[in-house]
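Heads up, the thing below is written out as structure tokens.
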Amino acid sequence: MRNILVTGGAGFIGSHLVRLLVNKYPDYTIVNLDNLTYAGNLANLKEVEGKANYRFVKADICNYEKMQQVFAEYQITGVIHLAAESHVDRSITDPFVFAKTNVIGTLTLLQAAKEYWKNDMNGKLFYHVSTDEVYGSLDHGGFFFETTPYDPKSPYSASKAGSDHFVRAFHNTYKLPVVISNCSNNYGPYQFPEKLIPLFINNIRHNKPLPVYGKGENVRDWLYVEDHARAIDLIFHKGKVGDTYNIGGFNEWKNIDLIRVMIKVTDRLLGRPEGESEKLITYVTDRAGHDLRYAIDSTKLHKELGWLPSLQFEEGIEKTIRWYLDNQVWMDNVTSGDYQKYYEQMYTNR
Ligand code: NAD
Ligand code: DAU
């Protein structure tokens with residue numbers, strides 16, 4: 001019997017992970033703790049909300065008393081920590097909330113886990129989900145390895161790097177059993193449409209401009225979100241305590257090339273001539289301090305734990321585009337209200 005606290009389970013990656021764990025481990029209790037910020041959405045979890053081994057707690061990870069109460073009430077034996085502010089553009093506009101949630105929130109959870117487990121750390125694990133952005137930006141060659149020195153360049157990546165350092169410090173100082181993974185860009189269903197892929201699919205559908213930052217030459221390494229969730233499950237159960245694992249798709253795309261593929265597939269699925277929506281491409285002012293390229297080497301995860309991505313990109317992107325087109329109600333719900341204000345602030349006069 002294990003009682004697993006998943007933080008940020010109502011977000012994009014968290015909801016895929018919660019679904020996987022609830023369905024795969026009926027003898028575990030999965031406690032999803034999420035503060036339901038703009039990015040959290042319980043509609044992402046409809047499939048599991050009635051299951052006997054699923055619980056939801058609405059709470060802020062920065063609230064120490066509440067975290068203590070949750071650990072005690074649910075007798076938590078493992079944590080998988082995803083709750084975070086996750087969008088780079090928002091971190092440029094408002095860095096404070098990133099320091100608060102990502103650094104102080106992680107520290108608060110670490111302290112609650114350490115205090116609750118202090119008399120018996122056996123079989124306990126604090127799993128911290130992090131990003132490849134902590135390693136900085138690559139030029140045109142090379143990869144990020146687990147040993148690459150940290151060199152974060154945006155307020156978001158600086159806050160994630162800070163949280164990673166606290167996790168390692170708790171392992172070193174208090175012997176808290178921890179594991180960290182650093183993953184590349186995820187794509188798939190239920191991603192909030194502030195991020196490139198869902199934003200562009202929605203704009204193509206509505207014939208709205210596609211705001212390409214700079215020249216569209218930045219490179220990202222894309223991984224289907226369910227493959228990330230599978231990797232987290234594997235590392236949580238089989239990873240070495242105190243270790244770090246990189247997760248990536250060996251799937252690099254220049255933004256403009258990826259956008260052209262999305263346009264082709266979306267046009268086809270909408271019954272338009274393929275490529276018709278290229279006229280929507282609009283080059284806009286670049287993101288400040290825009291990291292040029294990320295590329296993850298996930299050989300260690302493959303060699304030690306046997307993980308490999310399951311989906312080819314062509315299959316994954318078509319599946320993703322189909323999902324957004326078939327789930328317009330989900331999209332309409334998340335883009336109503338504050339989203340319009342966000343969109344205007346981010347893209348008008350850019
Ligand atoms: P997301 O923004 O979709 O979801 C974040 C979730 O955290 C939301 O449900 C939100 O309500 C919750 N949350 C935010 N602040 C909170 C707080 N103070 N207390 C409790 N809950 C809070 O993010 P995502 O894209 O699913 O990313 C999840 C994690 O994975 C993050 O830690 C992120 O840094 C990391 N990551 C993301 C990617 C990616 O491509 N999306 C890649 C690598 C790593
Ligand atoms: O690498 C992992 C990271 O990937 C995660 O840690 C972050 O949480 C996640 O948001 C993501 O960060 P990116 O900044 O790479 O993702 P985003 O979808 O915001 O942007 C992808 C690329 O597309 C990036 O080069 C910026 C560009 N872009 C993005 C938007 C939103 C555009 O050209 N136009 C846009 O409107």
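The values are calculated or read from the model by the stated rules, or taken from the named source; none is laboratory data. Only a predicted model underlies this, so the values are computations on that prediction, with no experimental measurement involved. Every residue, glycine among them, receives a Cβ derived from its backbone with ideal geometry; neighbour counts consider all protein chains shown. Just the protein is used for accessible areas: all its heavy atoms, side chains included, with ligands, DNA and RNA removed. Shrake-Rupley method; radii C 1.70, N 1.55, O 1.52, S 1.80 Å.
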Sole miss for Glu49 among (1) in a loop (DSSP other than H, G, I, E, B); (2) open to solvent by 20 Å² or more (accessible area, probe 1.4 Å); (3) farther than 15 Å from Val18 by Cα is condition (3)
Taking the range 61-88 and the residues there that are open to solvent by 50 Å² or more (accessible area, probe 1.4 Å) and in contact with a helix residue (DSSP H, G or I) (Cβ under 8 Å, 6 or more places away or on another chain), the one that is farthest from ligand 2 (Cβ to nearest atom) would be Ala72
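So which residues in the range 184-204 are in a loop (DSSP other than H, G, I, E, B) and of a type in the set (Phe, Trp, Tyr), if there are any at all?
Tyr190, Phe192
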Sole miss for Gly136 among (1) on the phi > 0 side of the Ramachandran plot; (2) touching a Leu at 6+ places or on another chain (Cβ under 9 Å) is condition (2)
Filtering the range 187-207 for residues that are open to solvent by less than 10 Å² (accessible area, probe 1.4 Å), within 17 Å of Lys319 (Cα to Cα) and within 7 Å of ligand 2 (Cβ to nearest atom) leaves a count of 2
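Out of Gly289, Gly271, Gly306, I need the residue that is modelled with pLDDT of 95 or more, more than 17 Å from Asn203 (Cβ to Cβ) and touching a Lys or Arg at 6+ places or on another chain (Cβ under 6 Å). Which one?
Working: Gly271 fails: touching a Lys or Arg at 6+ places or on another chain (Cβ under 6 Å); Gly306 fails: touching a Lys or Arg at 6+ places or on another chain (Cβ under 6 Å).
Going through Gly289, Gly271, Gly306 in turn, just one is modelled with pLDDT of 95 or more, more than 17 Å from Asn203 (Cβ to Cβ) and touching a Lys or Arg at 6+ places or on another chain (Cβ under 6 Å): Gly289.
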Log entry, pairs with first residue in the range 1-16 being closer than 11 Å to Gly40 by Cα, second being within 6 Å of ligand 1 (Cβ to nearest atom) and polar (S, T, N, Q), beta carbons closer than 6 Å, six or more apart or on different chains, reads Ile13/Asn186
Within the range 71-94, the count of residues that are more than 11 Å from ligand 1 (Cβ to nearest atom), on the phi < 0 side of the Ramachandran plot and not hydroxyl-bearing (Ser, Thr, Tyr) comes to 9
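Would a scan of the range 62-73 turn up a residue that is in a loop (DSSP other than H, G, I, E, B) and touching a residue at least 12 places away in the same chain (Cβ under 8 Å)? Talk me through it step by step, then tell me what you get.
As a first pass, look at the range 62-73 and keep what is in a loop (DSSP other than H, G, I, E, B): 62-63.
Subsequent filtering for residues that are touching a residue at least 12 places away in the same chain (Cβ under 8 Å) retains 62-63.
The answer is yes; a qualifying residue exists.
Tally up the residues in the range 205-259 that are assigned to a loop (DSSP other than H, G, I, E, B), closer than 21 Å to Thr147 by Cβ and within 14 Å of ligand 1 (Cβ to nearest atom), please.
Restricting attention to the range 205-259, the residues satisfying the condition of being assigned to a loop (DSSP other than H, G, I, E, B) are 206-209, 214-218, 239-243, 248-251.
Next, from what is left, pick out any that are closer than 21 Å to Thr147 by Cβ: 239-243, 248-250.
Among the residues that remain, those that are also within 14 Å of ligand 1 (Cβ to nearest atom) are: 248-249.
The qualifying residues number 2.
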request  = Go through the residues of the range 308-329 one by one and say whether even a single one is small (Gly, Ala, Ser) and without any contact (Cβ under 8 Å) to a residue 40 or more places away in the chain.
outcome  = no
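Evaluate the following for Lys153: is it touching a helix residue (DSSP H, G or I) at 6+ places or on another chain (Cβ under 6 Å) and open to solvent by 60 Å² or more (accessible area, probe 1.4 Å)?
no
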Given (1) without any contact (Cβ under 8 Å) to a residue 40 or more places away in the chain; (2) buried (at least 20 other Cβ atoms within 10 Å of the Cβ); (3) among the aromatic types (Phe, Trp, Tyr), Phe96 misses just (2)
Residues of the range 264-285 being open to solvent by 70 Å² or more (accessible area, probe 1.4 Å) and in contact (Cβ under 8 Å) with a residue 60 or more places away in the chain, in sequence order, are Tyr283, Thr285
- Message: Can you say whether Tyr38 is in contact (Cβ under 8 Å) with a residue 60 or more places away in the chain, touching a helix residue (DSSP H, G or I) at 6+ places or on another chain (Cβ under 9 Å) and more than 13 Å from Tyr190 (Cβ to Cβ), as far as the supplied structure shows?
- Response: yes
